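K.L.:
A single structure is presented below for examination.
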Amino acid sequence: MRSKTIIPIIVISVIAILLSSFTIGRQIFLGRQPDIVSFSTIHFAGYLFFLLMPVELLFIYYLIEDFNIPILLVAALATAMVAQIIDYVIGYLVSNKVINKVIGEKKYKNTKKYIDKYGDLAVFVFNTLPLSSSILSLVAGMLRYRFRNFVIYSFVGLLIKYSAIVLLFS
């Protein structure tokens, strides 16, 4: 790997580690149960295209800790949607050259292929499954994909995913 690729990966990893450490890690160290603020902070960050994190595992962790399910579900949906809308707007506003450097041309082309071919179904499936829906959101913005459809299919996909997780783990 070239240093141009390694440095951003290291910086993003450090940000993710610090974010986790200063929220959930700090609460666990102090012997307190993690709260909705720490969940929302990490969950939101995990849906930003440059901080890909397995946020579904975070959701499961909070379920296992007997956190209030309706509050957790609303927080997960709200933070995921806000982050994905930010990803969409960034994609809409930023040039392809900049995005290709951040996520890579190959990921961009693969995601573009799914959006071009499957449209609404791609947005729905990427949000229903633990796939990189944040990168899809970014590319959807770049492609000027219809915003209303993006929001509707993203929300429905996320609602199904998190509802299924609740049913499986609570």
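K.L.:
State yes or no: is residue 76 in contact with a Phe, Trp or Tyr (Cβ under 7 Å, 6 or more places away or on another chain) and assigned to a helix (DSSP H, G or I)?
P.N.:
So residue 76 passes the test.
K.L.:
Residue check, residue 130 against (1) assigned to a helix (DSSP H, G or I); (2) under 16 Å from the mean Cα position of the chain (by Cα), all met but one. Which one?
P.N.:
Status for residue 130: all satisfied but (1).
K.L.:
Further question on the same structure: From the list 140, 164, 122, which one is free of Cβ contacts under 8 Å to residues at least 24 places away in the same chain, more than 13 Å from the chain's Cα centre (by Cα) and surrounded by 14 or more Cβ atoms within 10 Å (Cβ to Cβ)?
P.N.:
Just a single option satisfies the conditions, and that option is 122.
K.L.:
Now, a different point. Among all residue pairs at least 6 apart or on different chains, which show Cβ distances below 6 Å where the first residue, located in the range 33-50, is under 12 Å from residue 82 (Cα atoms) and of a type in the set (A, V, I, L, M) and the second is crowded, with 19+ Cβ neighbours inside 10 Å and at pLDDT 85 or above?
P.N.:
Sorted first by the residue in the range 33-50, then by its partner, the pairs are 48/83.
K.L.:
Given the options 148, 144, name the one that is at pLDDT 80 or above and at positive phi.
P.N.:
Exactly one of 148, 144 is at pLDDT 80 or above and at positive phi, namely 144.
K.L.:
Right, here's the next one. Among the listed residues 26, 32, 2, which satisfies the condition of being modelled with pLDDT of 55 or more, of a type in the set (Lys, Arg) and either over 17 Å from residue 158 (Cβ atoms) or within 16 Å of the chain's Cα centre (by Cα) (or both)?
P.N.:
32
K.L.:
Here's another thing I want to ask about it. Within the range 132-170, work out how many residues are over 14 Å from residue 87 (Cα atoms) and hydroxyl-bearing (Ser, Thr, Tyr).
P.N.:
The qualifying residues number 4.
K.L.:
Another one. Can you pull out the residues in the range 94-141 that are on the phi > 0 side of the Ramachandran plot and at pLDDT 80 or above?
P.N.:
Result: 119, single match.
K.L.:
Taking the condition part of a helix (DSSP H, G or I), basic (Lys, Arg) and within 15 Å of residue 77 (Cα to Cα), does residue 107 pass?
P.N.:
In short, no.
The values are calculated or read from the model by the stated rules, or taken from the named source; none is laboratory data. Only a predicted model underlies this, so the values are computations on that prediction, with no experimental measurement involved. FYI the Cβ positions are ideal-geometry reconstructions off the backbone, even for glycines, and counts take in every protein chain you see.
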